[in-house]
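Have a look at the structure below, then the notes.
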Amino acid sequence: MPVIERTGVARALEQIASYLDLKGENSFRVRAFTTAARTVEGVSGPLAEALADGSLAKAKGIGPAILEVITELVESGRATLLDELRADVPPGLIEMLDISGLGVAKVRTIHQTLGITTLAELEVAAGDGRLAALPRFGERTAQNVLKGIAFLREASQWRLVHHATDEATALAEALGRVPHVVAVHIAGEVRRRMETVREVIIVLVADVPPEEIFRHLASLPGARGIAGQDERRATLRLAAGTAAQIIVTPPQNLGTVLAQATGSDAHLNALAAHATSRGFTLAGTALWEGSRFVPTPTEESLYHALGLPWIPPELRESGAEVGMPVPRLLERGDLRGFLHCHTTYSDGNNSVAELAAVCRADGYSYLGITDHSRAAAYAGGMQPDDIRRQWDEIDAVNASNPGIRVLKGIESDILVDGSLDYPDDILAGFDFIIGSVHSRFTLSRDEMTDRVCRAMTSPYFTILGHPTGRLLLSREAYPIDLDRVFEVAAREKVAIEINADPHRLDLDWRVLAAARAAGVMISLGCDAHNLAGVSNMTWGVGVARKGGLTRDAVLNCRDAEGFLRFARARRP
DNA sequence: GCCGTTTTCGGCCCGACTGTTTTCAGTCG
């Protein structure tokens, strides 16, 4: 197991950028580290490989100085530059930058005039009036800071699913190499494919008593020691500052232990009640029928003993799923089209041809390119001239027999009045259009709902992108009446996106049933900005499965012609 | 710090909103 993988390296580079920024360093040097972080994040495959074969050294935005930092991080898990910066600038200031509304300038003012170095001190100052009294601060800023700190405190207990999954997978591999471990299963929220994860839980089958396994835990790579243990469970502290629960079971009740470790609590309660109604007792780590021990070596044997079909972990949430028929849930292989990605024409890192090659290798039969529109100036949104150049390029790629069909799309900003970002004669030239809100998040709920609903009435509108604008653990959704959005989308025959970027996962799986009941078609979009982003589809599929979606509910399970028919159906 | 040459250093993304002011600095996407 490598000491640190690309998300860890990217995070370290971002931190270096923040520290340099707070120190008042040249802003272009700061930006160099930020872009390098994004480049690293976009590397497909192991970072050590990209270092060894020289491809990282050749990547845009990676020069000799940053390459040296990355090499040090990959080889030792540390960076001298970062260590020096940490000694120089209080780390609490970096945390303050995550509060929406606080940037480098304001954090520096807070530090220099009030001598504040931690979030806790900042919270006190925001409460007692000292913060509001600073120049160009005010009562509203103080309130926002208090809200921001509360949000951060809550968010700090959670990790995004892709980080948690990386962590769980690496740990599971290491545990698989411990002597006498017979099988390793990832359980908990990661297995249920929750969008955020509080605790990594792993179940081990061993042919020796648990304490013999536990003796090896502290010496695993990335482990920082044991936080606590009983006769069958241990909590392992990890270098990343997180913890993982390790549960050891003999093989004869693996099924019950795995189900218990997977949760959710509501599902287990419903399962236990169902067991009781059938004369069983589901208690702790085993299933009993009266005083007879019922072996459950697999989860299937547990569910079947209770007269139930095996329930996929993604569906084990409210408890209402117990006793219901299990649908054949969407699988990654059902998706024919890859939608929503950005190229170098706006803020993506790769070309049309590069994305086409990766999507083809992933088994897609068509790919919809959707760069930003011109209102998204910060992201290099496309001017009409760029659009024509890109169309020519797409035509050329299609003419070169790439083994995949490339469609001309756009992610058009939904402007504040609900209009799209180009006149109809330009919109008409695209094969399909994703409409998204990227500005003016602070409208009232009614105004935002009107804005989005009005946009969907355009005959060129195909898919509503990331419908609530949330960024998991960092930004709340903007207020919007989703029921009304669903109603209008169904009426206008517009699809709504599940954005598969693990920072978004928007729509939320909890509202998918309502969307389907309203008659809304769902589209899975990756929002890829680089080649690694193509594999984010797995998180979107997780959301779709949690929402109980089957393949006929998903627009890009259709072939290219079927997809285009949907997109063209409302055009004049 | 990186890039792209004009092979040695100048240029690098910006428009609009927010909260503070009463003209604009700072933040955001």
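Data for the structure
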read-out	value
Hey, A:Ala79 modelled with pLDDT of 90 or more and open to solvent by less than 30 Å² (accessible area, probe 1.4 Å) or not	yes
Some residue of region A:343-361 being assigned to a loop (DSSP other than H, G, I, E, B) and basic (Lys, Arg)	no
Which numbered condition A:Leu564 fails, given (1) part of a loop (DSSP other than H, G, I, E, B); (2) over 26 Å from A:Arg475 (Cα atoms)	(1)
Of residues in region A:430-449 being within 16 Å of DNA strand B (Cβ to nearest atom), outside any loop (DSSP other than H, G, I, E, B) and more than 12 Å from A:Asp413 (Cβ to Cβ), the one most open to solvent (accessible area, probe 1.4 Å)	A:Arg445
Sole exception among (1) modelled with pLDDT of 95 or more; (2) under 13 Å from the mean Cα position of the chain (by Cα); (3) open to solvent by 10 Å² or more (accessible area, probe 1.4 Å) for A:Leu471, by number	(1)
Subset of region A:215-244 [assigned to a loop (DSSP other than H, G, I, E, B), without any contact (Cβ under 8 Å) to a residue 60 or more places away in the chain and open to solvent by 60 Å² or more (accessible area, probe 1.4 Å)]	A:Ser219, A:Glu231, A:Arg232, A:Gly241
Search result, residues across region A:362-383 that are more than 12 Å from DNA strand B (Cβ to nearest atom), open to solvent by less than 10 Å² (accessible area, probe 1.4 Å) and in a loop (DSSP other than H, G, I, E, B)	A:Tyr364
3 or more residues more than 10 Å from DNA strand B (Cβ to nearest atom): qualifying helices (runs of 4 or more DSSP H) within region A:17-131	A:27-41, A:47-52, A:64-76, A:80-88, A:91-96, A:104-114, A:119-127
Contacts under 8 angstrom Cβ, first residue in region A:48-72 being open to solvent by 60 Å² or more (accessible area, probe 1.4 Å), partner assigned to a helix (DSSP H, G or I) and within 12 Å of DNA strand B (Cβ to nearest atom), 6 or more apart	A:Lys60/A:Thr39
Among (1) at negative phi; (2) open to solvent by less than 10 Å² (accessible area, probe 1.4 Å), the one test that A:Leu505 misses	(1)
Candidates A:Arg292, A:Arg328, A:Arg336 - the one that is free of Cβ contacts under 8 Å to residues at least 12 places away in the same chain and either more than 30 Å from A:Val205 (Cβ to Cβ) or surrounded by fewer than 21 Cβ atoms within 10 Å (Cβ to Cβ) (or both)	A:Arg292
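The values are calculated or read from the model by the stated rules, or taken from the named source; none is laboratory data. Worth saying up front: this structure is predicted, and the values here are computed from it rather than measured. Note that each Cβ is placed from the backbone with ideal geometry, even for glycine, and that neighbours are counted across all protein chains shown. What goes into the accessible areas is simple: the full protein's heavy atoms, side chains included, and nothing from ligands, DNA or RNA. Shrake-Rupley method; radii C 1.70, N 1.55, O 1.52, S 1.80 Å.
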